[in-house]
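**Student:** Submitted below is the structure of interest, expressed as structure tokens.
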Amino acid sequence: MSSTSEQPIFGRLLTAMITPFNPDGSVNLAEAARLARHLVDELGHDGLVVNGTTGESPTTSDAEKRDLIATVAEAVGDRASVVAGVGTFDTRHTIELAGQATDAGADGLLVVTPYYSRPPIDALEAHFLSVAEATELPIMLYDIPHRAGIPIPETSLIRLADHPRIAAVKDAKGDICSSSVVIAGTTLSYYAGDDAYLLPLLAVGGVGVVGTSTHFSGLQVRSVIDAYTAGDLALARQLNAQLLPVFRGVFATQGAMMVKAALNRRGFSVGDCRPPMSAVAPDVLERFLRILDTQL
């Protein structure tokens, strides 16, 4: 069973890092390194996820993905784990990206449910197992049915947990009872895939978060985790309550769009999102910046 008293394989506080772009739309590797160091050295992260949805992975090339992993891995060294998003709806391509991520210096792989094609359960499990067999890196499954189109069933997660390299789940299913069943029946480390889901997930045996608002709220979210693991539940609830406006505010529009807009106003130069994402409405951004100023 997962335990909040042990250090999880990827750490406890991770952010799904945005991908900075230059004004011409190319990847800004220097700013990616700067942001990675900021998250780890100033905001208390012990892990980063690159090339995830918030990193605009649907719009970046394989070569850009490789360069991002190598850049972030070099920037943070052994101070944090680097988990590379490699999941696609093509098993062959996912395996290729897994090999590329390994060569680029990743410490682990994030493998999302194959999206859009909605494979049947046996094919879904075979996809994950094929990737696990093709790599030596530990894998975090990404269960996000509202984007992928299907959930990873509890029974599948329990079976998949028997594979020695399937180690964790980024849980964006939003079903605490289902998560509890899998946590109780496996050794999988469960990470909240929604910032506001962290404290409830910790209460049933989860270990941490892969956050979005944590681009800004990392220190405060770390305090929630530390309070909970120290057994101070009252403090954990109090700190969590203070963060709820931040957790909600970052998703007042699409998450990557909001994070980039706010980072650009906070001294970074991360550019805009690639189409089809667009700019954040000025009033929406100003409201989120006020929340950050008030709550953090």
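**Student:** Return a whole-number percent for the relative contact order of the range 42-143, with Cα pairs under 8 Å and 6 or more residues apart as the contact set.
**Tutor:** 27
**Student:** Let me ask something additional. In debye, nearest 20: dipole of the chain around its Cα centre with unit charges on the Cβ of K, R (+) and D, E (-)?
**Tutor:** Using only the charged Cβ atoms, the result is roughly 660 debye.
**Student:** For the range 199-270, with every protein chain kept in place, what is the accessible area per residue (1.4 Å probe, Å²)?
**Tutor:** 36
**Student:** Just to confirm, what accessible area per residue do you get for the range 1-149 at 1.4 Å probe, in whole Å²?
**Tutor:** Roughly 40 Å² per residue, with all protein chains present.
**Student:** Specify whether the C-alpha gyration tensor of the range 256-296 places it in the rounded, prolate or oblate class, a ≥ b ≥ c being the square roots of the eigenvalues: rounded for a/c under 1.5, otherwise prolate if a/b is larger than b/c and oblate if not.
**Tutor:** Oblate shape, in that a/c is at least 1.5 and b/c is the bigger or equal ratio.
**Student:** Along the positive direction of the dipole of the range 186-281 (beta-carbon charges: Lys, Arg +1; Asp, Glu -1; about the Cα centre), which of GLY249, ALA279, LEU188 reaches farthest?
**Tutor:** Going by the charge dipole, the pick is ALA279.
**Student:** For the range 119-210, just the Cα set please: Rg and Dmax, both in angstrom.
**Tutor:** 12.3, 34
**Student:** OK, next. For the range 148-264, what does the convex hull of the Cα positions come to per residue, in cubic angstrom?
**Tutor:** Per-residue hull volume (Cα only) is 117 Å³.
**Student:** Sticking with this one: What list of ³J(HN,Hα) couplings, whole Hz, do you get for the range 128-142 from phi and the Karplus terms 6.51, -1.76, 1.60, once you set θ to phi - 60° and write x for glycine and proline?
**Tutor:** Those phi angles translate into 4, 5, 4, 5, 4, 6, 8, 9, 9, 8, x, 10, 10, 6, 10 Hz.
**Student:** Expressed as a rounded percentage, what relative contact order does the chain have, with Cα pairs under 8 Å and six or more residues apart?
**Tutor:** Value for the chain: 20 percent.
**Student:** Obtain the nm distance between the two label points defined at THR155 and ASP122 by a simple spin-label model: each point lies 7 Å from its Cα along the Cα-to-C-beta direction.
**Tutor:** About 1.3 nm separates the two model spin labels.
**Student:** Further question on the same structure: So what are the ³J(HN,Hα) numbers for the range 165-182, from phi and the Karplus equation (6.51, -1.76, 1.60; θ = phi - 60°), rounded to whole Hz, Gly and Pro as x?
**Tutor:** So the Karplus estimates, Gly and Pro as x, are 9, 8, 10, 8, 9, 8, 9, 10, 6, x, 10, 5, 5, 4, 4, 4, 4, 5 Hz.
**Student:** Stokes-Einstein D for the range 10-80 at 37 °C, 0.692 mPa s, Kirkwood Rh over Cα pairs, in µm²/s?
**Tutor:** Rounded, D is 273 µm²/s.
**Student:** Identify which of the listed values of log10 I(q)/I(0) by the Debye sum over Cα atoms at q = 0.09, 0.15, 0.17 Å⁻¹ was calculated from the structure shown: (1) -0.39, -1.16, -1.51; (2) -0.80, -1.16, -1.28; (3) -0.47, -1.23, -1.49.
**Tutor:** Answer label, from the structure shown: (1).
**Student:** For the peptides 15-25, 53-63, what is the packing order when you average, over each peptide's residues, the other Cβ atoms within 10 Å and list the highest mean first?
**Tutor:** Final packing ranking: 15-25, 53-63.
**Student:** Exactly which trypsin sites (Lys or Arg not before Pro) in the range 177-283 are in a DSSP loop and have at most 12 other Cβ atoms within 10 Å?
**Tutor:** Sites meeting the loop and neighbour criteria: ARG266.
**Student:** Still on this model: Roughly to the nearest percent, how much of the accessible area of the chain is carbon and sulfur, given a 1.4 Å probe?
**Tutor:** 53
**Student:** What whole number of Å gives the distance from the Cα centroid of the range 36-99 to the Cα centroid of the range 247-296?
**Tutor:** Taking the Cα centre of the range 36-99 as reference, the centre of the range 247-296 is 21 Å away.
**Student:** Calculate for the chain the 222 nm mean residue ellipticity that helices alone would give, adding -39,500 (n - 2.57) per DSSP H run of length 4 or more and normalising by residue count, nearest 500 deg cm²/dmol.
**Tutor:** -14500 deg cm²/dmol
**Student:** Moving on to the next point. Have a look at LEU43, HIS127, LEU263 and report the one farthest towards the positive end of the charge dipole of the chain, computed about the Cα centre with Cβ charges (Lys/Arg +1, Asp/Glu -1).
**Tutor:** About the Cα centre, the residue reaching furthest to the positive side is LEU263.
**Student:** Run the numbers on the range 136-216 and let me know its relative contact order in percent, using alpha-carbon pairs under 8 Å that are six or more apart.
**Tutor:** 25
**Student:** Using a Gaussian network model on the chain with a 10 Å cutoff between Cα atoms, which of LEU39, LEU157, LEU233 fluctuates the most?
**Tutor:** LEU233
The values are calculated or read from the model by the stated rules, or taken from the named source; none is laboratory data. This structure is a prediction, so every number in the text was calculated from the model and none was measured. Don't worry about glycine lacking a Cβ; one is built from the backbone with ideal geometry, like all the others, and counts go over all protein chains shown. When the accessible area is computed, the model is the full protein with side chains, heavy atoms only, and any ligands, DNA or RNA have been set aside. Shrake-Rupley method; radii C 1.70, N 1.55, O 1.52, S 1.80 Å.
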